[in-house]
Structure formats: C-alpha cells, structure tokens
Amino acid sequence: MKKLHFLILLVLPLFCFAQSITLKGKIADEKMPLEWADISISNSEGKIMNGTSTKVDGSFEINLKKGTYKIEVTVLGYKEMEKEIVVENDTDLGTIILIANTAQLAEVVIQSKKKTIEQKTDRLVYNFENNITTAGGNALSAINTAPGVVVKNDVITMLGKGTSRVMIDGRMIELAGEELNNFLKSISAADIKNIEIISNPPAKYDADGFGGLINIIMKKGTRDSWKNTTTVSYDQNKYGIYTLRNTLFYNKNKFRFSASINGKTGNVNATDDLKMYFPDGLSYMKSTTKVKAENLSGKLALDYDLSARTTIGFQFLNDRNNPDFGSDISIKKYNLQNELQNVTLNKSSTDKGSKNQTFNAHLITKLDSLNRKLSFDVDYFNYDSKFDRSFMANNYSPEMLFVDVNQAGRNISKQDINNWSFKADMEHPFKMFNLSYGAKVSFTNSISDVLYYDMITGTPQLDPKQSNQFEYTENNQAAYINGDKKINDKWNLQMGLRLENTQTTGFSETINQENVNNYTKLFPTFYASYKKNENNTFSFNYGKRINRPRFDLLNPFRIYINSNSYSEGNPFLKPSFSDNFELAHSYKEVFRTSIFMNAVTNGYGVLFTSNPETNTQIVTRENYFKNLNYGLGESYSVSYTEWWSGENSLYFLGAKTEFIKEINARPSNSLQVDFTTNNTFSLGKTTKIQIDFSYSTPFKSGLYELGYTSSFDIGFKQDLWGKSMQISLLANDIFNTSYLKDFTSVVNGVKQVYSQNESNRFVRLSVIYNFGNKKINVKERAFGNQEEKKRTGN
C-alpha cells in the first residue's frame, strides 16, 4: 500500500493556469449568417483542443492559449473549411464565407465513407458498417469479423496474443467464456458505431487480459434528431431462431437518450465427439444436444448537459438467458482388437438460466479553457445463474441388451457475482506534453453452490461429498499516470505506468479450505511512432499484462460431466503475466505489417488428463507452462475497382513452450498460418454482395494439437427507400468447416481427440427499417465543445 500512496502523490501535480486568449469570428454563406455551424480547434498533433457552435447571427467565440492551430468549420449542405491560424493575442477572424455543396446528400455520404480500418497510436479502429455479414447480427459476430480477432470455443482471442477482455464504451464487462458470449449476442450489431482493437492497452485501462482489450463503441445518435431502427431476422440451421430488435435515439438541446430491446427465441444443434485411447482400448463418446436459444435484453442510456462544461449520465443494461437443453450421450468401449465391449447411453435434461445487469453513472466536466477534463464513473454489475441437470446412464451389452444402471443423479448449482467499481480520470494538457492520470477501486464477490442428489434408487439422496459452497472475493486498487508528447512532425512518444494492488480470498465450505492471495504489481507501457514520409509510418509498443483466473476456475469442487468424466477447479491457481512487444509499419494506410512477441510466465490452462486404471477423464486447471509466442501479421485494404473492394489479412504464428510443472507429457509447437479475405461487390448504389473466406492451418501449441478450420460465407444486401429499409441474406460457413476439430492431447500415455460443432452453418434473412426526424426544432442553442459533440455523433 505504501507503493500505492507514493504513486498517487506522484501523479497528482499542481494544476497550472495560463492566460487565455479569445478567438472569435462569424460564419455565413453569400446571403446570410449560418447558425449551428460546428467549429473545432485542433493542435499540430491533430488533437481537438476546443470547439463550439455558431449563434443565431453566425458568431462564435473560443478561449485558447498561444499557439498554432487548425480551425475546421462544418455545416450540413456546405463544403468543409479548414485553415491554419497562429494565435498570439485576441484574434477576430472576421466573416468566413462557406460555399454551398450542390451534391446530393446520398453522394456526400458515399464520399465521406469511413475507412474500414483506421490505425491509431495505440489501437486499431474497425468500422464494419459496410460488412454485409454483420447485418442483422450481434456484437459477437461483429467482433469475429475484426482483423486479427477470432472467436473459438467460447473464447475471444487476438491471433498469437491470447484471450481478450471486452469493454463497452470504455467500461469493462466482468464476464468471460460462455457467459460473455451470451451477453454479446444480446447486443445488436446495428447499435455499434465501431470496434477498437487495443492489443497493448495504455495505462488508463485495466491490465487484465493477455489478448488486450476489445472496446465496443456504441452509437449515441446525432444532435437535435431522433431515430428508430427495427430489425427482424431469422436464422435457419438444423432448427430455426427468430430475433427482434428495436433501438431508439432521441437527442434534443442538452438531453440525449437511447433505449433498445432485443428478443430471441428458437433452437440450435450442438454435437461433441471425444475419443480416448486407453491402454486396454478405445472409449468413444458422442453427444448430440438441442439447445433452446431464448434471450431478452434491454438498454437505457441518457446524458444531460448541466452546463457548457459539465455533463452527467446514466446507463443501464439488462440481459436474461434461458438456454435449456437436452443431451443424448453414447459411450462405446472397445478392446485392443477394436471389438465393441459395452455401451453406455446417458440421457439428460438441463434447466439453465442466467441474468445480468449493469448500472453506470458518470460525470464529465471541463475545468477551464486549458481543456483540463475530469471524469467520474460509478459502476455496478450483477450476474446470477442457475443450473439444474437430471441424467440417467444405463449400461448395455454389445447387442444393446440392458445390463444395469451405470449412474443416475441430479446436479443443482447456482452462482451469484457482484462487482462495484469507482473510477476517476483526469486529462491535464501542458504546453510541452499531455498528461493524464487517475485511480480506480473495485470490489468483487462471487458465491457458487453445488448440490448433488444420487437418483440411482429412484429416491433423491443428497451426497454431501459431491455438494459444495464456494465463496470468492477479489478487491483491486489501481492508480495510473500516462503522458504523450509530439517531439516534432515525425516523432510521437507515449509512456504510462499502472500500479495494481489485489487481494483475493477463496473459501470452500464443504472441505473447510481457505486460500488467500495478496500481490502488488507495476504495469509499464510505452509507445513510439515515426512518420518517415506521407506514405510510411513506423511504430513500436511495449506493455506488461496480467491474466487472472476466472472465478469458476478457482472452485475446487468436482462436477461430473458423465459417469466417466469430471471437471474440478483449482483454488491454488495464480495469475499469469506477459511482456508484449510489437513493431508495426503502415504504407499509405492500406498495407500494414506487424511483428509481435509476448513472453508468458506462470501460464495456467486446462489439463485434459486421464486415469488409465479407471478409464476416467479428468479436466483440471494448473499453472503448468511458460511460453514465448511470436508472429508476423500482414493486412491489406484495397479497392480493386470502383465496384470491388477487399480486406485481406495473413498471419504467421509460432511459439516455444516449456512445462514448469511435472506432468506426464511433452510440449510441442509448430507454425500456424491464418488467412482471411473479405470482398465486397457493389452492384449499383443500393445493392451489394460480400464473399468471405478464411482458413487456419492445423498446428501444435504446447500440450495440444488442433485441426484446421475454414469458413466460406456469402452475404447480400439491398437498400430500399433511400436506405430507410435494408434486406440482407447471409449464408454462413456454407461447407460446415469452421468448428473446433481434432483438439488432441497426450497425457499419462492416453491420447484424447475432441471435436465440437455448434451450428456454425446457417442461413440468415434480416429486414432492417429506419425512420425518424433528422432535425428537431429547438428553442435554444445547444452548447458543448466539438469533442463532446463527437462523443454524441453517429
């Protein structure tokens, strides 16, 4: 804690004041003054320093410090004006005349279309609005189309870097795995402005997650307008899924409001395949599951400008899932001569449900004309789930004659997670450099209960040895400081330091075991960029990260998957750490090359071990390896013709693994190649076709070997009534080859090969309808600088 107190004293410098200078002028066309013209002032680095809107008479007034700036004037229907100005004393620019833009609005929209990928100093911004395959989809499917990001087996990863955490509007989502994926599926892709891919996050953000951060930026709506979007879609796999979404944005004067509701119902099919080669023969398990996809979610958000400098806001998200499912599992046991010895049939039904809710309250205030900005956030997150599974496994002879009951039981489990966090951030620009600093505290409590009833006699009998209550608490205190400096027209530097102090306690009531952990760590970050000329930009970054175990992985209790397979957590799991390096080059902002490396220490993961004496599979978690991952990534954005554009990426990935724990296995690694190409064809102004293909080679990684994956997708989109309506059709994974296959490991001399297919092949039909009013009549001029207005833009 002494380190924390010292850092807080270090990062809270005295506020500096400087004499402000007034810049004023008027905006007009050839006939009259222009009200509502947006004025933004940026420095030589391109960072917006101040902004405002013109009054009824076209006048504006802004306070600045001495310096050289770029003034930008924009107003709908007129050509944009930009010019450099030098401000040394109070300055009157006089009347600036704008020229009317006679182009049709639709043509203007096409000309101002954002680039699909924008490279920033510390992140990649992915604008997927032109990606047809996301139409009618959700946040998870949108993330899966982002360059260098893959979603496999309920895990979101950056290629060659590891598991990624997810944020919404800069606020961390305290979920992982299947729960996180279900939450992201409840968010409409149509409500997302863009996705930020932050492979090496700055000190401002939490240090958790080897694969960096995926920040989902939601749309806020344009000023003085209202808009409603309704989406209806139908997915057909083996079964069907219906989805209905509606989103409303309303912005007027000082008030901004948005609301959305999403509902989904239907079924999906999932199959699992596991082969275990024991010394006395093969055990082959095959499972078929019908999962009910039932979801209802909603969001409310509002912001209000208390003054020209201060905004308060509130946000609420709620998500409910009820994915009940029934499974048919068969386990066939063969001898060494490949002769069938016996069959076990396991039939189960599961009542599963979860709900989570997120509350956020925030305040953002601009302290003075020096553009110092202070923000406060209070967040509360709650996740509640239930799991009730009844099953019966019967043994049969090779001739399928009933022998006896293998196992019968009922598993009931509950989990409740609560998280509070409080955060303060300060942006403090100086003449020589920009400084930001802040602090965050968070408190997490997780309670999980497991009850097991033996049903083999027909009467439920509680088994205390297979019932458990586990409580886990995690408290974290953090402080950071970050500075960035433009050295000259070619060089930019950014440095940061984050300190995190963490205390954890895990207690198993059944076995009366408590595990306590307390650690303090520093996480430095560094970024440097060099612009050699207009075509070539180089950058380098470094950051240290931590990967904390999920709450459920720490529960020591044993849960049976079937009569020959069980899973158990490990309360002694420790966090893993990684040092990440990346060198990148951008050519004309269309061809990007990155060379990256991350060194993982005290790595933890799943161990699929086996007991040859009892022919039992055991799924455990251990800190068992250290790893050096490295890779080369290439991406190319290209317009082949006026009607054909493409986004292409090629990654070469490798690793070196060493086991730090005695396990009866050997590490093995090989080269992995991942290729993706997305191609959009414009058949006129209102019709588009998209053809996507991806392929990842088989590869070895430490303890495991994975088979290839590939996907071939075709999408079609038709705009109607000036884009008020869109009809889209998507055929996803046409050849059904994108699922997890041949996931292989050899531990204790037992080879296991696992495959899982969760209805990746489907056809989706979506209809999207937009309506609203682009200009609400207002009684007074709305205020706020340009930076705040960009925050509310579409």
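The values are calculated or read from the model by the stated rules, or taken from the named source; none is laboratory data. Remember, predicted model here, so these are calculated numbers, not experimental data. Positions of Cβ are backbone-derived with ideal geometry, glycine not excepted, and every protein chain shown enters the neighbour counts.
Listed conditions (1) in contact with a strand residue (DSSP E or B) (Cβ under 7 Å, 6 or more places away or on another chain); (2) surrounded by fewer than 16 Cβ atoms within 10 Å (Cβ to Cβ); (3) more than 27 Å from LYS366 (Cβ to Cβ); (4) touching a residue at least 12 places away in the same chain (Cβ under 8 Å) are all met by LEU462, apart from (4). In segment 283-307, the residue that is nearest to the chain's Cα centre (by Cα) out of those that are assigned to a strand (DSSP E or B) and closer than 18 Å to ILE241 by Cα is SER297.
Taking segment 140-192 only, how many residues are assigned to a helix (DSSP H, G or I) and either among the β-branched types (Val, Ile, Thr) or in contact (Cβ under 8 Å) with a residue 24 or more places away in the chain (or both)?
Let us first name the residues in segment 140-192 that are assigned to a helix (DSSP H, G or I), namely 140-144, 177-185, 189-191.
Checking the rest, the ones that are also either among the β-branched types (Val, Ile, Thr) or in contact (Cβ under 8 Å) with a residue 24 or more places away in the chain (or both) come to 140-143, 177-185, 189-191.
So the answer is 16.
On inspection, LEU499 does not qualify as at pLDDT 85 or above and surrounded by fewer than 19 Cβ atoms within 10 Å (Cβ to Cβ).
Screening the candidates SER260, SER283, SER287 for the property of being touching a helix residue (DSSP H, G or I) at 6+ places or on another chain (Cβ under 7 Å) and at pLDDT 90 or above yields one hit, SER260.
Yes or no: segment 611-632 includes at least one residue that is free of Cβ contacts under 8 Å to residues at least 40 places away in the same chain and farther than 28 Å from TYR754 by Cβ. Yes, because at least one residue in segment 611-632 is free of Cβ contacts under 8 Å to residues at least 40 places away in the same chain and farther than 28 Å from TYR754 by Cβ. Within segment 21-78, the residues that satisfy the criterion of being among the hydroxyl-bearing types (Ser, Thr, Tyr) and either in a strand (DSSP E or B) or assigned by TED's automatic domain parsing to the domain that holds ASN371 (or both) are THR22, SER40, SER42, THR52, SER53, SER59, THR68, TYR69, THR74, TYR78. Would you check which residues across segment 692-728 are of a type in the set (Gly, Ala, Ser) and closer than 18 Å to ASN757 by Cα and list them? SER694, SER696, GLY707, SER710, SER711, listed by residue number. How many residues does segment 637-658 hold that are in contact (Cβ under 8 Å) with a residue 40 or more places away in the chain and either surrounded by fewer than 16 Cβ atoms within 10 Å (Cβ to Cβ) or of a type in the set (Asp, Glu) (or both)? Qualifying residue count, segment 637-658: 4. Checking each residue in segment 739-757 for being under 30 Å from GLY136 (Cβ atoms), touching a residue at least 40 places away in the same chain (Cβ under 8 Å) and not hydrophobic (A, V, I, L, M, F, W, C) picks out SER755, GLN756, ASN757.
For segment 347-390, which residues satisfy the criterion of being of a type in the set (Phe, Trp, Tyr) and free of Cβ contacts under 8 Å to residues at least 60 places away in the same chain? Answer for segment 347-390, where residues must be of a type in the set (Phe, Trp, Tyr) and free of Cβ contacts under 8 Å to residues at least 60 places away in the same chain: PHE359, PHE376, TYR380, PHE387. Is segment 228-250 home to any residue that is closer than 22 Å to GLN357 by Cα, surrounded by fewer than 22 Cβ atoms within 10 Å (Cβ to Cβ) and of a type in the set (Lys, Arg)? For segment 228-250, residues closer than 22 Å to GLN357 by Cα, surrounded by fewer than 22 Cβ atoms within 10 Å (Cβ to Cβ) and of a type in the set (Lys, Arg): absent. For residues that are closer than 20 Å to SER728 by Cβ and hydrophobic (A, V, I, L, M, F, W, C), tally how many sit in segment 656-702. Within segment 656-702, residues that are closer than 20 Å to SER728 by Cβ and hydrophobic (A, V, I, L, M, F, W, C) number 5. Looking only at segment 232-247, decide whether some residue is more than 24 Å from GLY715 (Cβ to Cβ), assigned to a loop (DSSP other than H, G, I, E, B) and among the polar types (S, T, N, Q). Within segment 232-247 (the criterion being more than 24 Å from GLY715 (Cβ to Cβ), assigned to a loop (DSSP other than H, G, I, E, B) and among the polar types (S, T, N, Q)), the answer is no, since none of the residues qualifies. Scan segment 465-482 for residues that are small (Gly, Ala, Ser) and either surrounded by fewer than 16 Cβ atoms within 10 Å (Cβ to Cβ) or assigned to a strand (DSSP E or B) (or both) and the total you get is 2.
Taking segment 193-207, which residues are part of a strand (DSSP E or B) and farther than 23 Å from THR229 by Cα? Of everything in segment 193-207, those that are part of a strand (DSSP E or B) and farther than 23 Å from THR229 by Cα turn out to be GLU196, ILE197, ILE198. For LYS299, the stated conditions do not hold, so it cannot be described as over 30 Å from ILE417 (Cα atoms) and at pLDDT 90 or above.
Total residues in segment 24-51 satisfying the condition of being under 18 Å from LYS79 (Cα atoms) and among the polar types (S, T, N, Q): the figure is 1. Checking each residue in segment 520-558 for being of a type in the set (A, V, I, L, M), part of a strand (DSSP E or B) and out of contact with any Pro (no Cβ under 7 Å at 6 or more places or on another chain) picks out LEU522, ALA528.
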